[in-house]
Every structure is written in structure tokens, then in C-alpha cells.
1. What full-extension length gain, to one decimal in nm, is calculated for K210 and L52 as 0.36 nm per residue of separation minus the Cα-Cα distance?
2. Based on DSSP H runs of at least 4 residues, each adding -39500 (n - 2.57), what is the mean residue ellipticity at 222 nm of the chain after dividing by all its residues, to the nearest 500 deg cm²/dmol?
3. Taking the highest mean first, how do the peptides 24-36, 122-134 order by number of other beta carbon atoms within 10 angstrom per residue?
4. If I model a spin label as a point 7 Å beyond the Cα along the Cα-Cβ vector, how far apart are those points for N270 and N64 in nm?
5. Looking at this model, which pairs from K167/K273; K167/K233; K72/K314 are more than 24 angstrom apart at the alpha-carbon?
6. Straight-line reach only, C-alpha to C-alpha below 12 angstrom: list the aspartates and glutamates that K24 could link to, leaving out same-chain residues fewer than 8 apart.
7. Roughly speaking, what is the stretch gain from S288 to E230, that is 0.36 nm per residue apart minus the C-alpha to C-alpha distance, in nm to one decimal?
8. List the aspartates and glutamates whose Cα lies under 19 Å from the Cα of K210, skipping any in the same chain that are fewer than 8 positions away.
Amino acid sequence: MKQFTSVNDVEDISQLVASALALKESPYAHQNLGKNKTLGLVFLNPSLRTRLSTQKAALNLGMNVMVMNMDKEGWALETQDGVVMNGTTVEHIREAAAVMGQYCDVLGLRSFPKLISRDEDYNEDFFNKFIQYCGVPVVSLESATRHPLQSLADLVTIKETWKGTTKPKVVLAWAPHIKALPQAVPNSFSEWMCRAQAEGMLDFTIVQPKGYELNEDFTPGAKISHNIDEALKDADYIYVKNWSSYKEYGKVLTYPEGWMLTNERLKVTNDAKVMHCLPVRRDLELSSEVLDGPNSLVIQEAGNRLWAAQAVLKDVLERL
Ligand code: CP
């Protein structure tokens, strides 16, 4: 792939999942592929998993890695054209992205939404301008609307743990939170699960309280529910995640009791495995008893971020 910003950049998701699992078996099988190639990782927001797993993935492929914490160490960026830069911004994205492209063969970028203007966030203005001006392949480390490296790792985790003979029932379940969080993770998870469902790999349901429905562009073919009891019935995987409202953009709406997943709730499932992208707020978004229990896949899932990133970088390097 020439860039990795969504599932739409991937020709064959099964092949990419297989590549990630093969790399998990043989991490250093392609350790010279990235020799003399440099990956630049540009963060405008905090990260633990994405930062470390993508660095490690690049090192396993023999790449050099540079990390830029743009929010803390870089100049304040201007993204609008035609403005006189006599305010707080110091450097225009046109020059900043182009310069980073001079030093790197591949760039990773993390840029969260502001959750103020739905149009601005969903137009992916910053991300698209960065891609346009940097001149090298870009791997998304999470954008305003998507987190594809996370979603690929999630699909890898389902693929490697599913031992059933029929298609697993996968449920994306909204969970409570005190802060307004982006829709990037659930949008992206849904997009990948819908593609996997279309390819006959699984059945996919989304359950949320009324008012928290995701943008329909990200949910083609998903079963949509507002009833947590019904949706969890016979589930094989529950993907727990909070997100703020898309309709009343960026707002935390009121919600009914009973949306935090507990062991009691798991009783109606098919002994469901529980996933979360992390970080997670214990006993607010997800109960400690589930997180610490035998059904939790969260650490394995986070571990698979490495193989997902390595599979993506390998594919990008092979096409440079
Ligand atoms: N899941 C995830 O992307 O984690 P970080 O924000 O820590 O990178």
C-alpha cells in the first residue's frame, strides 16, 4: 500500500492479517528490508502503545526511527492557507510536512480531532494536508476519524483466538466515560469489522444508547442495537469503548445505568472474550473484575499492535 489511513487502503485484509501473524512467528524474517530507510513518527497527542509498537516494528524491519512530539517540541503549526501569520502559529504545515518528508522515507502521524466542528474533524483537513505536502507514504497513528493500526491489531486478535467452527459474533459495545472522547476507534473498528463481515469472516453488531449512533459511512452492514441485554446475547467477542455523540457532535449525553461490562453481564454471552484498545478507566468504562478475569484479551490485543504495525510497514517498504 502507498499509504495506510483506513481499511480502504488495504487490498486484501485477510492477507494483511496473515502477514501480521507470520511476523509474530518470525519477527526478524525481514530484518534487512528497511535498511537505510527512516521512519519518522510525528505525534500531536499522547501515546503509549502506538508509539512503542510502531517504533519496535520499524526496528524489527531494520529501519531507523525518529520521533517528533510536535505538540511539545515543535513549532506551533498553521494549517489554513491565505492567513497572515501574525498570531501564535509559527510555521505553516506546507513547509513543516515537506521538510519532514526530506528526512524520512515513511512518516507516521497522530492527530486527534478537536471535537468542536464536526465538518472540520470529518474532513480530516490536517491529515490530508500533511499527506499532500510531505511527499512520502504516511501511516496513520490515529487521525480525527480513524485508528486503523488499532483496528488491524483487533482483527488479528480475533483471528488468532477464534477456535469456533462457525462465524464469531462480534459486538462493539458503548461504555460510560466522564470525558468526551473521539469516535476514531469505534469508527475504525466498525469499518474493519464491516469489511470482515462482508468477506464472511464474522457477524457484527453495534450497541449504544440512543444519541450515540456512529456516522453511517463507517457502519455499512452492521446490526445496530440500543438494547445492551439483547446485543450481548451469545456474543463471542465484546469490544468495549466509549465515544462521544456524533449527532450532537462531541457531546457527552445522559445515558441509562448498566452500560459498564461486568461478569454478571457476561453470563448471557457465549463466554465472550473482551477487548479494549486501552488506555481504559477501570470501574468507569470497564469493570476491574472483567479486565483482570479470564475473558480479557486486552494485553494480547495491545501486544498485537506490534505485528499489525510491522505488517503495514513491511507492505509500505516493499512498494517504495
Ligand atoms: N490504543 C492506543 O492507540 O493506545 P495509545 O494511545 O497509548 O497509543
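Read the figures in this text as sums done on the coordinates, not as results from a lab. These numbers were taken from a predicted model, which means no experiment stands behind them. Note that each Cβ is placed from the backbone with ideal geometry, even for glycine, and that neighbours are counted across all protein chains shown.
1. On the way: separation 158, 0.36 × 158 = 56.88 nm, distance 3.64 nm.
My answer for the length gained is 53.2 nm.
2. -11000 deg cm²/dmol
3. Values: 24-36: 13.5, 122-134: 18.2.
The packing order, highest mean first, is 122-134, 24-36.
4. With each label point 7 Å from Cα toward Cβ, the separation is 5.0 nm.
5. K72/K314, as the Cα separations exceed 24 Å there.
6. E160
7. My answer for the length gained is 18.6 nm.
8. Cross-link targets: D229, E230, E248, E257, E285.
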